Structures are given as structure tokens and as C-alpha cells.
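Below you'll find the structure, written out as C-alpha cells, and then a few comments.
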Ligand SMILES: C[S@@+](CC[C@H](N)C(=O)[O-])C[C@H]1O[C@@H](n2cnc3c(N)ncnc32)[C@H](O)[C@@H]1O
């Protein structure tokens, strides 16, 4: 977490938009750790989460229902655009990245924050494996949820945007996040039940067994986050 604080601590964000904000997890980090901001806007299409966020709004912190593929702002409106742990929930990643680039002013900050699953820490591997299974089950059920990235894949996504002054930062999440993942492990049976009778059910059960074994041996921690910041 210290690395994230350092990376954001020398940034004046101006007007910033957080894409796929869900509970404002990354937006509130920008609020707490950036050197300054003028306004923070979080957008999402999940109305249940947005309703809960209404109570967290302030004069300069707002949340809106909006589709990432069609941002309702003029070109160059924002000093910073961020997308956190959302890229792997999109069927047209390029479409969203283009739209983010459009609303970002020249010299503005582009922030991509994503967890990666190819880490060396065995306890983090438990989370990586769990997330891959979750994405595969969601896909089987027709939801858009792609496999999480490898570290180099995230860096390539950012590099392909031709940003200047790329900063690449790794950080571990807080203990509370590790606990949340542990709670999710308790829901493995429920996840499997949602696909019982599907052709890949046996395969999913095998994956779940491997995850449980890894957890028994090493415990679980949330995967490392990679934050890439560049300027347009
Ligand atoms: C895993 S959550 C990310 C939460 C948070 N940003 C974080 O870092 O933990 C992905 C979010 O992306 C949102 N999302 C998916 N497609 C979207 C779209 N087309 N427009 C806006 N939000 C979208 C989902 O509703 C979900 O809340």
C-alpha cells in the first residue's frame, strides 16, 4: 500500500473519472492519497452498488450511472482517468480505453490498476486460482468476466496507449481485503452449485479441489495489484 501512496502522492489530478467504480474502492484511494483533486467522479452500470454510494457523495465526489463505452463528457474534459480491476470485465477493452483517452486532456494522467495472477507468493496463488475459476464459471453462465491478467499483459495494455512517462507500481492490498477473499472461499460450494449439470461441472469441481488444497497448505492473500500511470 505504501507504494500506491507514494505514486499518487505527487499527483494533482484535477477533474478525475474512475471507470467501473463499483464501491469506489480505487476512487477513494485517489481521494485519500493524491496530492490534490478538483472533483472525483465514479461511474458504473451496477445500480445496486451506485445506490449504496449515494450516501458517500460529497460536493466534489460524485457517482453516476454511465456506460464506459459512451462517456457523457466532452473531449479533454478530465485531468485524470482511471480504471481499476475492470478491464477483465469488458468484452471490448479497446473501446473503453479509446473512450477514456478521448475524455482525457493532453498531459493528463491515465491510470490502469489491475490485479495479476502470476505472482510467486503461494498464498496469493490461492486468490489467483479462485479468481480464474470465478471468471470461468461466470463465462459459463453467460456473464462477461475474462481471466485476470498476467503482469506483462497489463503493462502491454498500457504501453499500447503510447503514454508518456510510464510509472509501474506494485502493491499489496490491506489485510481487510485478504479477509474478504477468505470469505469468498467459503462460497465455493455455492459457486459450484450454480453450474451443477453443466458440461464443465466436473472440471470446475477439480479446480475447486486444487484451490482448497492450496489454501490448506498456504492460506490466502489477495493478489498483488499493478498500477500503471502514464501521461497522454
Ligand atoms: C470488479 S469491479 C471493479 C471494482 C473497483 N473499481 C475495484 O477496483 O475494485 C468491475 C466493475 O465494472 C463495472 N462495469 C462493467 N462493465 C461496465 C461498463 N460497460 N460501464 C461501466 N461500468 C462497467 C461493473 O458493474 C463492476 O462494478
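Nothing in this text is a laboratory measurement; each read-out follows from the coordinates by a stated rule. For clarity, every value in this text was computed on a predicted model and none was experimentally measured. Counting neighbours? That spans all protein chains shown, and the Cβs are built from the backbone with ideal geometry, glycine included.
Across the chain, Cα pairs under 8 Å and at least six residues apart give a relative contact order of 23 percent. Note on segment 118-185 and segment 1-78: Cα centroid distance 20 Å, given to the nearest whole angstrom. The stretch between residue 121 and residue 23 holds 32.6 nm of extra length on full extension. This uses 0.36 nm per residue minus the Cα-Cα distance. The alpha carbons of the chain give a radius of gyration and a Dmax of 18.1, 53 Å, in that order. Ordering 47, 126 by the number of other Cβ atoms within 10 Å of each residue's own Cβ, fewest first, gives 47, 126.
Order of 164, 102 from fewest to most other C-beta atoms within 10 Å?
164, 102
Distance between the modelled labels on residue 12 and residue 216, one decimal in nanometres: 5.7 nm (7 Å Cα→Cβ projection). Spacing of the modelled spin labels on residue 160 and residue 187, each 7 Å from Cα toward Cβ, amounts to 3.0 nm. Between the Cα long axis of helix 201-218 and the first principal axis of the chain there is an angle of about 80°, rounded to the nearest 10.
By the beta-carbon count within 10 Å of each Cβ, the least crowded to most crowded order of 22, 35, fewest first, is 35, 22.
When the label point is put 7 Å from the Cα of residue 52 along its Cα-to-beta-carbon vector, which residues of segment 180-208 have a backbone N closer than 17 Å? Label zone hits: 180-185, 187. Where in segment 14-37 does the amide nitrogen come within less than 15 Å of the point 7 Å from the Cα of residue 169, taken along Cα to Cβ? Flagged as within label range: 14, 26-37.
With springs only between Cα atoms under 10 Å, which of 13, 163, 27 fluctuates most in a Gaussian network model of the chain? The residue that fluctuates most here is 163. In segment 86-124, whose amide N lies under 14 Å from the spot 7 Å out along Cα-to-Cβ of residue 64? List them in ranges. The answer is 100, 103-104, whose backbone nitrogens lie closer than 14 Å to the label point.
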